[in-house]
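Since the structure comes first, as structure tokens, the remarks are kept for the end.
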Amino acid sequence: MISNQWYVVLDSAQVKTNPVGVTRMGEKLVFWRDAAGKVSCLRDLCAHRGAALSKGVVAEGALQCPFHGFRYDMSGRCTLIPANGKVAPIPERFKVHHYPTYEAHGFIWIWWGDAPSAVLTPPRFFEDITPDFTYGSARDPWDTHYSRVIENQLDVVHLPFVHYNTIGRGNRALVNGPVVKWQGEDAFRVYVFNDVDRGQPPCKPDEIAEPYPTFHLEFQFPNLWQNYISDDVRVLAAFVPVDEAHTLLYLRFYQRFMRVAVLRELVNALAMPFNVYVAHQDRRIVNTQQPKLSALRGDEALIQGDRPIVEYRRRRQTLMEQALPALTV
């Protein structure tokens, strides 16, 4: 994982009144909400005897360990050791590591890396997914590193083979371009120009003139992607790192063409089985890729059509190097 980044790690609906224990970034974490509903994230490990805090409860706005009742505030500081009494001072060593959180758009982010400065810039989201969109959602486990899942969603070469009966129909196996346009330092768009092979050579990216079509893919570091199908329809994915060999794909179908409440929710729900089916067509293959973790410099023999993957790997490598000596996986 790239350190010193905001990562989407959960859907907001997953954290309600009770603590929730999950594995993210290869680490056991616990999420919980205080009385005002603000979400917090701590290592799932009591400083006293190492019990899982996620098995405890929220008591008077603090996270209470199930073993001996130690309580922790949202910063991970211990606020009560019951065996010592309410008025006893608490040594500084009774503290659990805390990860800053941010919640918006129905997602929960954590800041993964070095201790941040006092003020963190909030994570970015797709500005063109406005509040008038609604969505259906699904969570899908993959047995591979999150970088491989990301690269699959940037891969325009595989469409007619993996998705021959769904989104890749039409036998458009020849890959013109693709065109990659950066949107600042940490986001880029991919414009797709696949065509039927009639014996013509593929166009290079700089041979494809603007204006480009409305349809495009967009990736935001470190783990958000959208398929901009039209002004009114999108598919969004958050690639949530579980550990080095497992990823949770948080998949959403956004639309704003149906505004009648009952029909809107029906459309959102009915769209998800197809999107999950398409994702499973990918998952069957991507789970077999070796090594699990992709790299800028490896043994793969890449082609022109892999340009979005190369762009992703270059920027990922740069961000990892910039984060050193912070923890990278």
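The values are calculated or read from the model by the stated rules, or taken from the named source; none is laboratory data. All values derive from a computational prediction rather than experimental measurement. As a convention, Cβ positions derive from the backbone with ideal geometry for all residues, glycine included, and neighbour counts pool all protein chains shown.
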> Are any residues in segment 76-98 out of contact with any Gly (no Cβ under 9 Å at 6 or more places or on another chain) and touching a residue at least 24 places away in the same chain (Cβ under 8 Å), and if so, which ones?
Replying inline: G76, C78, R93, F94
> Any idea which of P222, P205, P241 is in contact (Cβ under 8 Å) with a residue 40 or more places away in the chain, out of contact with any Leu (no Cβ under 8 Å at 6 or more places or on another chain), within 21 Å of G106 (Cβ to Cβ) and assigned by TED's automatic domain parsing to the domain that holds A138?
Replying inline: P241
> List, please: which pairs have Cβ atoms under 8 Å, are six or more places apart or on different chains, and start with a residue in segment 285-306 that is in the same structural domain as H163 (by TED's automatic domain parsing) and end with one that is modelled with pLDDT under 90 and part of a loop (DSSP other than H, G, I, E, B)?
Replying inline: P291/G298
> within 19 Å of the chain's Cα centre (by Cα), within 24 Å of G37 (Cα to Cα), assigned to a strand (DSSP E or B) and touching a residue at least 40 places away in the same chain (Cβ under 8 Å) - does that describe any residue in segment 111-126?
Replying inline: yes
> Given (1) part of a loop (DSSP other than H, G, I, E, B); (2) under 20 Å from E92 (Cα atoms), where does L42 come up short, assuming only one miss?
Replying inline: (1)
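For segment 187-210, state whether one or more residues are closer than 24 Å to I129 by Cβ and in contact with a helix residue (DSSP H, G or I) (Cβ under 7 Å, 6 or more places away or on another chain).
Checking segment 187-210: at least one residue is closer than 24 Å to I129 by Cβ and in contact with a helix residue (DSSP H, G or I) (Cβ under 7 Å, 6 or more places away or on another chain).
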> Do you know which of the residues in segment 226-282 that are of a type in the set (S, T, N, Q) and surrounded by 15 or more Cβ atoms within 10 Å (Cβ to Cβ) is nearest to the chain's Cα centre (by Cα)?
Replying inline: T247
> Looking at segment 239-262, is at least one residue small (G, A, S) and touching a Lys or Arg at 6+ places or on another chain (Cβ under 9 Å)?
Replying inline: yes
> Does G69 count as in a strand (DSSP E or B), modelled with pLDDT of 95 or more and out of contact with any His (no Cβ under 9 Å at 6 or more places or on another chain)?
Replying inline: no
>> Would you confirm, using the coordinates I've provided, whether V149 is assigned to a helix (DSSP H, G or I), outside the structural domain of S12 (by TED's automatic domain parsing), touching a residue at least 12 places away in the same chain (Cβ under 8 Å) and aliphatic (A, V, I, L, M)?
In response: yes
> In the set S3, S75, which member is within 30 Å of L319 (Cα to Cα), within 22 Å of the chain's Cα centre (by Cα) and either of a type in the set (G, A, S) or not in a helix (DSSP H, G or I) (or both)?
Replying inline: S3
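Does I309 satisfy being farther than 14 Å from R148 by Cα, assigned by TED's automatic domain parsing to the domain that holds V156, of a type in the set (V, I, T) and surrounded by 12 or more Cβ atoms within 10 Å (Cβ to Cβ)?
On the way: farther than 14 Å from R148 by Cα: no; assigned by TED's automatic domain parsing to the domain that holds V156: yes; of a type in the set (V, I, T): yes; surrounded by 12 or more Cβ atoms within 10 Å (Cβ to Cβ): yes.
Taking the combined requirement at face value, the residue does not satisfy it.
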>> Criterion first (surrounded by 12 or more Cβ atoms within 10 Å (Cβ to Cβ) and either basic (K, R) or in contact with a Pro (Cβ under 6 Å, 6 or more places away or on another chain) (or both)) does N152 satisfy it?
In response: no
> Quick check, is Y191 farther than 21 Å from N152 by Cα, in the same structural domain as R307 (by TED's automatic domain parsing) and either surrounded by 15 or more Cβ atoms within 10 Å (Cβ to Cβ) or modelled with pLDDT under 95 (or both)?
Replying inline: no
> Quick check, is A36 modelled with pLDDT under 95 and either in a loop (DSSP other than H, G, I, E, B) or under 18 Å from W109 (Cβ atoms) (or both)?
Replying inline: yes
> Counting only residues that are in a loop (DSSP other than H, G, I, E, B) and of a type in the set (S, T, Y), which one in segment 245-296 is nearest to E27 (Cα to Cα)?
Replying inline: S294
